Amino acid sequence: MSRNFNLIIKNGTVVDGTGCAKRIADIGIQDDKITYIGSIDNLSDCRIIDAADCVVAPGFIDIHSHSDFFCLVSPESESKIHDGVTTEICGNCGISAFPLKGQLLENKRKGFRKFGLDINWATAEDFFKRANEATSSINRGFLVGHGNIRACVLGYEDREPDKNELAEMEKELRDAMESGAFGMSSGLIYPPGCYAKTVELIELCKIVKEYNGIYATHIRDEGDEIEAALSETINISKESGVNTQVSHIKTWGEKNWGKIDKIKKLLDDARSKGIDITCDRYPYIAAATVLDVILPGWVYEGGTAEEKKRLGDPLLRERIIKEMEHEGQSHEFWGTIMISSVYNKKNRSYEGKTIAEIAETLRVQPLEFVLDLLYEEDCRVSVIFFSMSEENLARILNWDFVMVGSDSSLRSLKGVLNYGKPHPRGYGTFSRVIRKYVNETSILSIEEAIYKMTGFPAQKLRLKDRGVLKEGYFADITIFDQETITEKATFTNPHNYSKGVKHVLVNGKLTIKDGKHEGVMNGEILKK
């Protein structure tokens, strides 16, 4: 055949993102689109990538990311693109880059100042303008955080909105959706989202449904009360009709690992009744979040300043300790929590160590250490919880309604984003799925894994012309050596890029070439 191409990928094993069987084929690319898939013999005068012995797949879509602010700090997006990611969806767990008002805006300005980020926007429209003016090596879409919406209207108060306040929240949501958000997320264990009642979420999700958006939720409990929390989410989806995504589905804590069959049945029953509910999951048995998530909910009320006051009040501290006695004070419990990052230099030596280890060294009670550390750090302590079952993880990844998401922001080996001991999922999620769950344990076939990382999330998000290798679709393409692909990031040494991803194209431009970033910034801001 004779066609004009800018770039041809030859001899690759094409896994197209639909779940169909892999095949050997050539791919012709013109500008930002795939224009031909088949056999290309009459080679035009253009760049040719020989992909023999490599898998050619759609660029991976990270449906659960947190790069909302860091994407403006590090446009190269190195940890993501070296892992084969060409698109990420930010704004999950109720936390997003917009809207920002009042105390929330001041908190974000204070928190991101150390990264050199000037937060000069408040509305969704202003954020999208700022994001469009910035450069990026990958594509991004955004959800609006329910936590942001609530904080802008109600602050951090533990109460229900009145009629006017709910109308104001609905307006913020509509503004975000009309500006291009793909939907709304909630984080129902974090303030202020944890103060929301089910009816509030249903009313907001009805608006998300109007815009054909998705509702992605960090449910209210992933451990002792997981059945009730998941039932609440299913009810929200049923009553509002919204397209729902359960974030990082898991059973938290060894005593809850046995609930996996009940969770599966709840989801199967809901789906059999036509409720549009799916899930995502990262391929690790450790979670990462903020340390103060273990505190009683009333401690957060009023925001960080009020939380710190309560931590410093001897009587309230005693109340916290008494209420947390049921959490257990065992060495084993505190041994499952590792400090990931702190704000102040004087406490950096704690990073990479468990609370049990630190408390033993300091000869203090673990909970007393936790409360002291939170107070000193203005409640800004990130941690990793080792709380899940490998057997359950393998089963969850194999469920046909589960896709892959990192639950992590981008990171870098250079500059201000090379800090702390972050969860390795920010570097190695997608490589790890292929290395461990395709190559080593055969939990998934290569076709199933690629579908869960490309075509399935694209379908969920209703992404136009992405997520599948198909003529007329955007040329977001990841080429990797299936035999050697692996994550290099570990919990003790997380700042390492994945290996085995040879080439990555974003909107037709070769961005990773022979494993090295070319400095190409061809990513786009995607809008609903």
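Okay, residues lined up against (1) at pLDDT 95 or above; (2) over 17 Å from Gly180 (Cα atoms); (3) open to solvent by less than 10 Å² (accessible area, probe 1.4 Å); (4) among the basic types (Lys, Arg):
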| residue | (1), (2), (3), (4) |
| --- | --- |
| Asp68 | yes, no, yes, no |
| Val73 | yes, yes, no, no |
| Ala97 | yes, no, yes, no |
| Leu100 | yes, no, yes, no |
| Gln103 | no, yes, no, no |
| Glu125 | yes, no, no, no |
| Ser137 | yes, yes, yes, no |
| Leu143 | yes, no, yes, no |
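Pairing residues of region 229-248 that are of a type in the set (Lys, Arg) with residues that are open to solvent by 20 Å² or more (accessible area, probe 1.4 Å), at Cβ distances under 8 Å and at least 6 apart in sequence or on separate chains, gives Lys238/Lys273; Lys238/Ile275.
Selection of region 467-489 for residues being acidic (Asp, Glu) and under 15 Å from Asp32 (Cβ atoms) yields Glu471, Asp476. With respect to the conditions (1) modelled with pLDDT of 95 or more; (2) surrounded by 21 or more Cβ atoms within 10 Å (Cβ to Cβ), Asp32 lacks only one, and its number is (2).
Leu469: under 28 Å from Arg130 (Cβ atoms) and open to solvent by less than 20 Å² (accessible area, probe 1.4 Å), yes or no? No; evaluated as a whole, the condition is false for this residue. Only a single item in (1) closer than 30 Å to Ile443 by Cα; (2) open to solvent by less than 70 Å² (accessible area, probe 1.4 Å) is not met by Arg395, and it is number (2).
Residues considered: Val381, Val404, Val370, Val364. Of these, the only one that is without any contact (Cβ under 8 Å) to a residue 60 or more places away in the chain and either aliphatic (A, V, I, L, M) or surrounded by 18 or more Cβ atoms within 10 Å (Cβ to Cβ) (or both) is Val364. For region 206-236, filtered to residues that are part of a helix (DSSP H, G or I), closer than 19 Å to Pro191 by Cα and of a type outside the set (A, V, I, L, M), the residue that is least open to solvent (accessible area, probe 1.4 Å) is Thr233. Cβ-Cβ distances below 7 Å connect the following pairs, each with a first residue in region 446-464 that is over 16 Å from Ala181 (Cα atoms), a second residue that is part of a helix (DSSP H, G or I), and a separation of six or more residues or different chains: Ile446/Val438; Ala449/Val433; Ala449/Ile434; Ala449/Tyr437; Ala449/Val438; Met453/Phe430; Met453/Val433.
Criterion applied to Arg130, Arg113, Arg174 was being without any contact (Cβ under 8 Å) to a residue 12 or more places away in the chain, surrounded by fewer than 20 Cβ atoms within 10 Å (Cβ to Cβ) and assigned to a helix (DSSP H, G or I), and the one residue passing it is Arg113.
The values are calculated or read from the model by the stated rules, or taken from the named source; none is laboratory data. Since the model is a prediction, treat every value here as computed from it, not as a measurement. FYI the Cβ positions are ideal-geometry reconstructions off the backbone, even for glycines, and counts take in every protein chain you see. SASA here: full protein model, heavy atoms, side chains in, ligands and nucleic acids out. Shrake-Rupley method; radii C 1.70, N 1.55, O 1.52, S 1.80 Å.
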